[in-house]
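Student: What follows is a structure written as structure tokens; I'll ask about it next.
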Amino acid sequence: MAGRNGGASLSDGTGDDDGRGVVEALYTTHAPRLVALARTLTGSVDAADDLVQETFLGLLRACRRDPNYVREPAWPLLRTMLARLAGQRRRSVGRELRRLARAYARPSEGIWDSDLDVVEALLSLPPRMRACVVLHYGEDMPVADVAQAMNTAPATVAAQLQVARKRLRKRLELDDAAALGSVARRNHRG
């Protein structure tokens, strides 16, 4: 039987198992390789497992709609499905991080000048670094959870936080020094 794009179908065409047999066979054969690919894409074992499960769930849905959906070799289809899901997850996390960054960047009524300095210093950081800071310190998330949310390694988040602390310290010290310098100049002229 011909499957998608003219390849040999994996289904026997009877439709008795509603696609489960094909998906189970593919899972047994390809799941470890997909997990390795997903871990490379995400940097996280948990995110990789989730992506593989979502890939096979999508495959099961497709096989239920069309029993001849999967063809040999199945690996290119599975790899493509996984890569698309990883991209969707990365974009979704990015949108959420930008939303959080905007939420923390908005000055509110009655905010103190020192709070504005901190907000301005945060806004001076690159977006991914700012997201690490906001999630870790603002949302009180552990480094491992921040790494998972950002689809990166915990060591990367720790490094981003270390650089961010240095940059924020330097930026806030410069702001204090500039403020003291302007007051001194006014008093000296005055």
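Student: Considering only the stretch 1-37, how many residues are within 20 Å of LEU85 (Cβ to Cβ) and either surrounded by 16 or more Cβ atoms within 10 Å (Cβ to Cβ) or modelled with pLDDT under 90 (or both)?
Tutor: Here the count works out to 11.
Student: Shifting gears a bit: Of all the residues that make up the stretch 121-178, how many are part of a helix (DSSP H, G or I), open to solvent by 30 Å² or more (accessible area, probe 1.4 Å) and in contact (Cβ under 8 Å) with a residue 60 or more places away in the chain?
Tutor: 2
Student: Consider only pairs whose beta carbons are under 6 Å apart and that are at least six residues apart or on different chains; among these, list those whose first residue lies in the stretch 75-102 and is among the aromatic types (Phe, Trp, Tyr) and whose second residue is outside any helix (DSSP H, G or I) and open to solvent by 60 Å² or more (accessible area, probe 1.4 Å).
Tutor: none
Student: Could you check how many residues of the stretch 38-74 are over 23 Å from ASP18 (Cβ atoms), open to solvent by less than 50 Å² (accessible area, probe 1.4 Å) and either in a helix (DSSP H, G or I) or in contact with a strand residue (DSSP E or B) (Cβ under 7 Å, 6 or more places away or on another chain) (or both)?
Tutor: Residues meeting the conditions: 5.
The values are calculated or read from the model by the stated rules, or taken from the named source; none is laboratory data. The shown structure was predicted, so the numbers you read here are calculated from the model rather than taken from an experiment. Virtual Cβ from ideal backbone geometry, glycine too; neighbours counted across all protein chains shown. Remember, those area values only see protein heavy atoms, side chains included, never the ligands or the DNA or RNA. Shrake-Rupley method; radii C 1.70, N 1.55, O 1.52, S 1.80 Å.
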